[in-house]
Amino acid sequence: MKEILLVDGYNMIGAWEELKQLKDTDIAQARDLLIEYMAEYQASTGRHVVVVFDAYEVKGTEKKEKKHEVDVIFTKEKETADECIERLIKKIKNVQTQVYVATSDYAEQRIVFGQGALRKSARELYIEMKSVEKEIRHTLEAEEKNKPTSKIQLNKDIIAKFEKMRRGEF
């Protein structure tokens, strides 16, 4: 079964402390960091991630882009992220696709649940994302630890003989 996670971008930024602080000085950087986190999450979980940002006060049409393999949508003029997410659920939810929605907006959680999607609060997604980061770090550390010091696997006796030869002691 295909799994898709729809993320209310500004809801996550407002709920995650490090992004909330960053938002006050540089909203674009906060968006980019959220997208990077979601790219790691997507790569690790296999869930396709779509991050939706309100462009309610911005004139123009909906803008879609792909950043770090994550789909990013800026809603069209006069459309909220919630409305866009609800529209996307109707479009993609079927028996072969499980849709999750990450938002801490209680009213939105009830609406998406009524449409057959599963909800994930900002806190739940943050905990899951941090767990993914920890898993990636442990995997990298294990690979580094098991990485051979030489490109050719040699036992310790042969390495010692080569070292003596290198020093001219043989």
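Cβ contacts < 7 Å: first residue within 9 Å of A117 (Cβ to Cβ), restricted to region 90-105; second residue among the polar types (S, T, N, Q) and not in a strand (DSSP E or B), any location; separation 6+ or different chain. Result?
K93/Q115
Among the numbered criteria (1) more than 19 Å from M129 (Cβ to Cβ); (2) crowded, with 19+ Cβ neighbours inside 10 Å; (3) of a type outside the set (K, R), which one does L34 miss?
Among (1) more than 19 Å from M129 (Cβ to Cβ); (2) crowded, with 19+ Cβ neighbours inside 10 Å; (3) of a type outside the set (K, R), L34 violates only (1).
Which condition from (1) under 20 Å from K20 (Cβ atoms); (2) among the hydroxyl-bearing types (S, T, Y); (3) at pLDDT below 85 is the one that S104 breaks?
Tallying (1) under 20 Å from K20 (Cβ atoms); (2) among the hydroxyl-bearing types (S, T, Y); (3) at pLDDT below 85, S104 fails exactly one: (3).
Need a quick list: helices (runs of 4 or more DSSP H) entirely within region 65-170 having at least 3 residues that are at negative phi and surrounded by fewer than 12 Cβ atoms within 10 Å (Cβ to Cβ). Break it down into steps so the answer makes sense when it comes.
Numbers: elements: 81-92, 106-114, 122-146, 156-167.
Passing ranges, in order: 106-114, 122-146, 156-167.
Checking G116 against (1) touching a residue at least 60 places away in the same chain (Cβ under 8 Å); (2) in contact with a strand residue (DSSP E or B) (Cβ under 8 Å, 6 or more places away or on another chain); (3) of a type outside the set (A, V, I, L, M), only one condition comes out false. Which one?
G116 satisfies every listed condition except (1).
Quick one: in region 1-16, of everything that is within 14 Å of M129 (Cα to Cα) and not in a loop (DSSP other than H, G, I, E, B), which residue is farthest from the chain's Cα centre (by Cα)? Spell out the reasoning first.
Quick first cut of region 1-16, residues within 14 Å of M129 (Cα to Cα) only: 5, 7, 12-13, 15-16.
Add one more test, that the residue is not in a loop (DSSP other than H, G, I, E, B), and what stays is 5, 7, 12-13, 15.
Working: L5: 10, V7: 10, M12: 12, I13: 13, A15: 15 Å.
Only one residue fits best here, namely A15.
Quick grid of which residues meet (1) of a type in the set (G, A, S); (2) over 22 Å from Q98 (Cβ atoms):
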residue	(1), (2)
A15	yes, yes
L19	no, yes
Q29	no, yes
A43	yes, no
V50	no, no
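With respect to the numbered conditions (1) outside any helix (DSSP H, G or I); (2) over 21 Å from E3 (Cβ atoms); (3) under 20 Å from the mean Cα position of the chain (by Cα), which one is the sole condition not fulfilled by V52?
Every condition holds for V52 apart from (2).
The values are calculated or read from the model by the stated rules, or taken from the named source; none is laboratory data. Being a predicted model, the structure only gives us computed values, none of them experimental. Glycine also receives a Cβ, built like all others from the backbone with ideal geometry; neighbour counts cover every protein chain displayed.
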